[in-house]
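So the structure is just underneath, and the comments pick up after that.
No value in this document is a laboratory result; all are computed from the given coordinates. All values reported here derive from a predicted model rather than from experimental measurement. We place every Cβ from the backbone using ideal geometry, glycine too, and count neighbours over all the protein chains shown.
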Amino acid sequence: MSETSASRNPNAPLAGRVALVTGAAGTMGLAATRALLEDGCRVALVDVQRDRLAALADSLGEHAAAFTFDIADPQAVREGHAQVVRAFGPIDILVNNAGILSNNKCEATDAAEWRRVLSVNLDGAFHLAQQVLPGMKARRAGRIINTCSLAAKTGGLTAGTAYSVSKGALTSLTFSLARELAPFGVTANGISPAYVKTPMITEQLSEAQRQALLKDIPVGRFCEPEEFAHVVRFLASPLAGFITGEIIDLNGGLLMD
Ligand SMILES: NC(=O)c1ccc[n+]([C@@H]2O[C@H](COP(=O)([O-])OP(=O)(O)OC[C@H]3O[C@@H](n4cnc5c(N)ncnc54)[C@H](O)[C@@H]3O)[C@@H](O)[C@H]2O)c1
């Protein structure tokens, strides 16, 4: 079933909801967008890749629209959020998924790289959360879903210092938002994937690193983007309302804790 026809179904679990997905031009963001469209949402796709984003939004039908802005820039986030609200109405589901990878460890990380990684992976989620919070609190409903990472707990098996720290802080931001929002019926949760089949894996790891990882991952394979999207749609669903401040591991058993 196409996203468009499914999203017209008034009985879809998220019919009529508005979702904003950052990093929607990327592999995992696009998978999450498709899942939310199938479940009945209208989806605002946010990314910095203007042309790719516009083409994707066009291909997804009338319930998807592209909004190009840099989530690391607070002014751009304020303006971008206002545009989304004008087009779709207030946001019910925020998926903070945009992120950039850096594999440099501490000694090799310069100040500019540190700031850039933190500004996208952490600050972006904070800026967007600030925009959606007042409306979610007032409506006493909402979902915030943050894409964290296994790197937050391992120090980065292959990922670098700035990336691992950014995802650790995003995990803490998730807990903090969950505590602030719980009395208002709004949940904040994270998903902590490891080694999803994306260019981060296929292009940024060596063949030797890939083979070593496959030996270490108990299920013996990498994660499908649709498996990530499935967790997003679950956390967004009405029946996930008692789950908040939770980080769901999605790592094929690589770390069991
Ligand atoms: N791929 C993995 O194995 C893996 C594992 C753990 C966590 N993650 C996290 O999952 C998320 C998605 O990863 P992916 O593999 O799909 O990566 P991706 O590179 O395919 O997608 C990330 C998207 O974010 C966008 N983006 C980057 N900076 C931005 C900014 N400042 N403003 C708006 N958009 C911006 C990029 O243009 C890109 O389209 C990231 O947060 C990543 O850290 C990925």
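Computed values, structure above
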quantity: Pairs with Cβ under 6 Å, 6+ apart, first in region 109-126 and touching a residue at least 24 places away in the same chain (Cβ under 8 Å) and within 15 Å of Gly168 (Cα to Cα), second more than 9 Å from the ligand (Cβ to nearest atom) and outside any helix (DSSP H, G or I); calculated: Val117/Ser102
quantity: Filter result (among the hydroxyl-bearing types (Ser, Thr, Tyr) and under 26 Å from Arg140 (Cα atoms)) within region 184-242; calculated: Thr187, Ser237
quantity: Some residue of region 130-146 being under 26 Å from Arg233 (Cβ atoms), of a type in the set (Lys, Arg) and part of a loop (DSSP other than H, G, I, E, B); calculated: yes
quantity: Hits in region 43-83 - residues which are more than 11 Å from the ligand (Cβ to nearest atom), in contact (Cβ under 8 Å) with a residue 12 or more places away in the chain and more than 25 Å from Pro193 (Cβ to Cβ); calculated: Ala54, Gly61, Glu62, His63, Ala65, Pro74, Arg78, His81, Gln83
quantity: Residues (among the charged types (D, E, K, R) and surrounded by 14 or more Cβ atoms within 10 Å (Cβ to Cβ)) located in region 195-215; calculated: Lys197, Arg210
quantity: Residues satisfying the stated conditions in region 229-241, i.e. assigned to a loop (DSSP other than H, G, I, E, B) and under 21 Å from Leu173 (Cβ atoms); calculated: Gly241
quantity: Any chance Thr161 is farther than 19 Å from Val95 by Cα and among the hydroxyl-bearing types (Ser, Thr, Tyr); calculated: yes
quantity: Candidates Arg179, Arg140 - the one that is on the phi > 0 side of the Ramachandran plot, more than 16 Å from the ligand (Cβ to nearest atom), of a type in the set (Lys, Arg) and surrounded by fewer than 19 Cβ atoms within 10 Å (Cβ to Cβ); calculated: Arg140
quantity: Filter result for Lys153 (of a type in the set (D, E, K, R), in contact (Cβ under 8 Å) with a residue 12 or more places away in the chain and away from the ligand (no atom under 12 Å from the Cβ)); calculated: no
quantity: When residues of region 12-42 are limited to those that are closer than 22 Å to His127 by Cβ and hydroxyl-bearing (Ser, Thr, Tyr), the one nearest to the ligand (Cβ to nearest atom); calculated: Thr22
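Yes or no, residue by residue, for (1) farther than 26 Å from Thr109 by Cα; (2) small (Gly, Ala, Ser); (3) outside any loop (DSSP other than H, G, I, E, B):
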{"position": "Lys153", "(1), (2), (3)": "no, no, yes"}
{"position": "Gly168", "(1), (2), (3)": "no, yes, yes"}
{"position": "Ser172", "(1), (2), (3)": "no, yes, yes"}
{"position": "Leu177", "(1), (2), (3)": "yes, no, yes"}
{"position": "Met200", "(1), (2), (3)": "no, no, yes"}
{"position": "Gln204", "(1), (2), (3)": "no, no, no"}
{"position": "Arg210", "(1), (2), (3)": "no, no, yes"}
{"position": "Glu227", "(1), (2), (3)": "yes, no, yes"}
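Condition check ((1) within 12 Å of the ligand (Cβ to nearest atom); (2) in contact (Cβ under 8 Å) with a residue 24 or more places away in the chain) across all residues:
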| site | (1), (2) |
| --- | --- |
| Ala188 | no, yes |
| Ile191 | yes, yes |
| Ala194 | yes, yes |
| Pro199 | yes, yes |
| Ser206 | no, no |
| Arg210 | yes, no |
| Asp216 | no, yes |
| Cys223 | yes, yes |
